[in-house]
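Coordinate-derived values only; no laboratory data. These numbers were taken from a predicted model, which means no experiment stands behind them. Please note: Cβ atoms are built from the backbone with ideal geometry, for glycine as well, and neighbour counts cover all protein chains shown.
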Amino acid sequence: MRKGLFLGAVIAIVLLAAGMATAQGTVKIGYLAALTGDWAAYGQTEVKAAQLAVEEINAKGGVVGSQIQLVPYDFRTRAEDAVNAVRRMIEQDKVYAIIGANGSGINIATAPVVNRAGVSQIGTVSTNPIVTVDNDGKVRPYSFRICFTDPYQGKVLAYFAASEMGKGKAAILYDVGNEYSQGLRQFFIENFEAYGGKIVSDLGFRGAVDVDFRAQLTEIRNSGADVLVLPNMGKEMALIIKQARELGMADLLIIGGDGYADFMWEIAGDAMEGTYWVNHVAPEDPAMQPFFEAYLKKYNDECKEFVNGVLAYESVYWLADAINRAGKIDRKAIRDALEDTKNLQLHHAVLTIDPADHNPKDKDAVILECKDGKSRFFMKVKPD
C-alpha cells in the first residue's frame, strides 16, 4: 500500500470506510478526494459532507435494504494518484460507484478507468466538458457530473462582466497546466468577445509552482484592463488578489469562477473585499440550512468550503436515489438510473440529466460577492 494513497486508519475510523456489498447488507461507494495537498480544504469538506449524507440515508433504511458504506481515498491533488486510487476501489474494494473528484483534470484522467470497468463516477465540481464526453463529443457512458459546465460558467462570467458590471476590457491570468483553468479561460474569451468586450491581456502562470505574480500583474495594470478574470483554483487566486491590491490596483474589478474558497481570506485578507465569483450554490439558500446546521453539529465546524460540501452531500443523495430506482445493487443498473434522472428534487436544485452528455439541464448560476469578511449572495444569473 502506498503511503498517502489510501486514506489510512485515522481518517478511516472517523469516516467509517468499510466493506463491499455483503451478506451483512452493506454496499460500498468510493469517494475520490484530495485530503492532502493544495486542494485538501476542498476534499476534506467533501468527504465529511458525503459521510453526513450517508448517515442520514442509512438512518432512514439505506438503499434497497442495504446500508451504504463510504470508502474515501486521497489522491493528494495528483492525477496519477487518482488513477491508482480508482483502480484500487474497483479491483480490490469492489465499489459499485464512485463520487468525486472536485477537479476536471482528475476526472478526465480517471474516465478511461471507470468506463472500461463499468463503474459510474460522479464529478462534484468538475466543470470541463471533456469530463463526460470524449474529444469526439461522444458521451462517456459511466461519467457523470452534478455541476454545470465550463462553457456555461464562461458565459455567465462574460455576461456578468459585460452586461451587469459594464466592463469592456478584460485581462486574464490563468494556470497553463490546469485543464479547468484552460477551459474556463477559453469559454470566457469566446463569450466576452461576443458581448462586445475586448481581451487586452492574456497571461499564464504555473500552478503549484509560481507564487510571485507581480510581473504579470504589472503588465495587466499597464494594459488598461477594467476587469481581471481569474479562472483558477483557490490558493493562487488569493495570492494574485493580494499582490494586485499591494500594487495599487484597488479599482480593478476582479472576478472568477467556482474555484473560489473561503480559505482564500486567510491568505488575501481584506484584499478579497469587492471580488465576485460564479458559483453553484449560495450559502444563504434556506433549503440548505438544515445541511449546514447538521454539518456544524456533527463536526463542530462550519462548512467553509460550502460549494464542495453541498455538491458532495447532494451527489450522495442523487446516487442513493438512482440505486433505489434501479431496484438492485448492480453497476450497470445504477448507471442506467443515473442517466435516466428526471426532475429529482435535491436540496439545492431540481436535477435532470441530459443523456446526450450526462450534464445537468438548466441549472441556475449564482454570483457571490465578497463583502464584510465573507462571501454573500449577490444575484442569480441565467445569461441571454
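How much length is gained if the chain between Glu369 and Thr352 is pulled fully straight, taking 0.36 nm per residue apart and subtracting their Cα-Cα distance, in nm to one decimal? Don't jump to the answer; show the numbers that get you there.
Details: separation 17, 0.36 × 17 = 6.12 nm, distance 2.81 nm.
Answer, rounded to one decimal: 3.3 nm.
Treating the beta-carbon of each Lys and Arg as +1 and of each Asp and Glu as -1, no other charges, what is the dipole magnitude of the chain about its Cα centre, to the nearest 20 debye? If you can, show how the numbers build up before the last one.
On the way: 41 positive and 49 negative charges, 206 e Å.
The calculated dipole for the chain is roughly 980 debye.
Give the Cα extents of region 290-329 along the principal axes, in whole Å, largest first.
36, 18, 15
In whole angstrom, how far apart do the alpha carbon centroids of region 290-333 and region 39-78 sit?
Here the two parts' Cα centres lie 7 Å apart.
Restricting attention to region 131-168, which trypsin sites (Lys or Arg not before Pro) occupy a DSSP loop and are surrounded by at most 12 other Cβ atoms within 10 Å?
Numbers: sites: Lys138, Arg145, Lys155, Lys167; in loops: Lys138, Lys167.
Answer in residue order: Lys138.
Please turn the phi angles of region 92-98 into ³J(HN,Hα) values with the Karplus equation 6.51 cos²θ - 1.76 cosθ + 1.60 (θ = phi - 60°), one per residue in order, whole Hz, x for glycine and proline.
Result, ordered by residue: 9, 7, 6, 5, 9, 6, 10 Hz.
Which FRET efficiency value, to the nearest 0.05, do you get for Glu219 and Asn135 by plugging their Cβ-Cβ distance into 1/(1 + (r/R0)^6) with R0 = 41 Å?
On the way: r = 33 Å, r/R0 = 0.80.
Rounded to the nearest 0.05, the efficiency is 0.80.
Could you work out the per residue convex hull volume over the alpha carbons of region 133-287, in cubic angstrom?
On the way: hull volume 20.6 nm³, N = 155.
It comes to 133 Å³ per residue, whole-number rounded.
Of the trypsin sites (Lys or Arg not before Pro) in region 283-362, which ones lie in a loop per DSSP and count no more than 14 other C-beta atoms within 10 Å? Show your work: numbers first, answer last.
Working: sites: Lys297, Lys298, Lys304, Arg325, Lys328, Arg331, Lys332, Arg335, Lys342, Lys361; in loops: Lys304, Lys328, Lys342, Lys361.
Of the trypsin sites (Lys or Arg not before Pro), the ones in loops of region 283-362 whose Cβ has at most 14 other Cβ atoms within 10 Å are Lys328, Lys342, Lys361.
What FRET efficiency do you get for Asn115 and Arg206 if R0 is 41 Å and r is their Cβ-Cβ distance, rounded to the nearest 0.05? Write down the numbers at each step before the final one.
On the way: r = 30 Å, r/R0 = 0.74.
In this case the efficiency is close to 0.85.
What FRET efficiency, computed as 1/(1 + (r/R0)^6) with R0 = 22 Å and r the Cβ-Cβ distance, is obtained for Asp38 and Lys304, rounded to the nearest 0.05?
It comes to 0.90.
Quickly estimate the mean residue ellipticity at 222 nm for the chain, helices only: each DSSP H run with n ≥ 4 gives -39500 (n - 2.57), and the total goes over all residues, rounded to 500. Walk me through the numbers on the way to the answer.
Values: 12 runs with 146 residues, N = 384.
Taking each H run of at least 4 residues, the total per residue is -12000 deg cm²/dmol.
Return the percentage of antiparallel bridges among DSSP beta bridges fully within the chain, rounded to the nearest 5 %. Intermediate values should be presented prior to the final figure.
Details: 18 of 50 bridges.
Roughly 35 percent of the beta bridges in the chain run antiparallel, per DSSP.
Relative to the compact globular guide of 2.2 N^0.38 Å, what is the alpha carbon radius of gyration of region 48-101, as a ratio? Numbers along the way, then the final one.
Details: Rg = 12.7 Å, N = 54, 2.2 N^0.38 = 10.0 Å.
Cα-based Rg divided by the globular estimate yields 1.27.
Name the residues of region 360-383 whose amide N is less than 13 Å from a point 7 angstrom out from the Cα of Ser163 along the C-beta direction?
Output list for this probe position: 365, 380-383.
Rg and Dmax in Å for region 234-357, alpha carbons only: what are they?
So, for region 234-357, Rg and Dmax equal 18.8, 60 Å respectively.
Counting other C-beta atoms within 10 Å, and keeping those with at most 14, which DSSP coil trypsin sites (Lys or Arg not before Pro) do you find in region 36-121?
Those satisfying the criteria are Lys60.
Considering only DSSP beta bridges whose two residues both sit in region 104-241, what percent are antiparallel, to the nearest 5?
Working: 1 of 14 bridges.
Roughly 5 percent of the DSSP beta bridges within region 104-241 come out antiparallel.
Which residue fluctuates most in the GNM of the chain (Cα springs below 10 Å): Tyr42, Tyr299, Tyr142?
The residue that fluctuates most here is Tyr299.
Taking only the Cα atoms of the chain, how large is their convex hull per residue, in Å³? Please report the intermediate quantities before stating the final value.
Details: hull volume 49.0 nm³, N = 384.
Looking at the chain, the number lands at 128 Å³ per residue.
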